[in-house]
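Just so it is clear, none of the values below were taken in a lab; they were calculated from the coordinates. If you're wondering where the values come from, they're calculated on a predicted model, not measured in any experiment. Heads up, the Cβs are rebuilt from the backbone with ideal geometry, glycines too, and the neighbour counts pull from every protein chain shown.
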């Protein structure tokens with residue numbers, strides 16, 4: 001189980017109750033909204049991060065630490081992320097089947 005006090009403090013920043021957070025987890029099937037990795041790794045529960053729009057403060061969903069950092073490093077810039085995808089596609093060899 002999460003450290004309830006830490007979770008409450010985090011959720012307070014986003015105006016969410018524990019119940020609302022748990023409902024978000026349920027709606028996302030307890031996985032990251034981007035990579036779909038579960039919040040359980042080898043029987044250890046990993047808390048998903050609350051993702052929010054840094055301009056409006058609006059909560060968008062729950063992400064794993066890696067995906068949350070990815071968006072943060074790209075400063076939520078869609079063009080940067082699309083450019084990253086194109087770069088990966090152009091530099092990654094296609095497997096021949």
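Here r is the Cβ-Cβ distance between residue 18 and residue 75 and R0 is 25 Å; the resulting FRET efficiency, rounded to 0.05, is 0.25. The packing ranking of peptides 53-59, 65-71, highest mean first, is 65-71, 53-59, where packing means the average number of other beta carbon atoms within 10 angstrom of each residue.
In this simple spin-label model, placing a label point 7 Å from the Cα along the Cα-to-Cβ direction at both residue 34 and residue 84 gives a separation of 0.5 nm.
Expressed in units of 2.2 N^0.38 Å, where N is the residue count, the Cα radius of gyration of the stretch 4-91 is 1.19.
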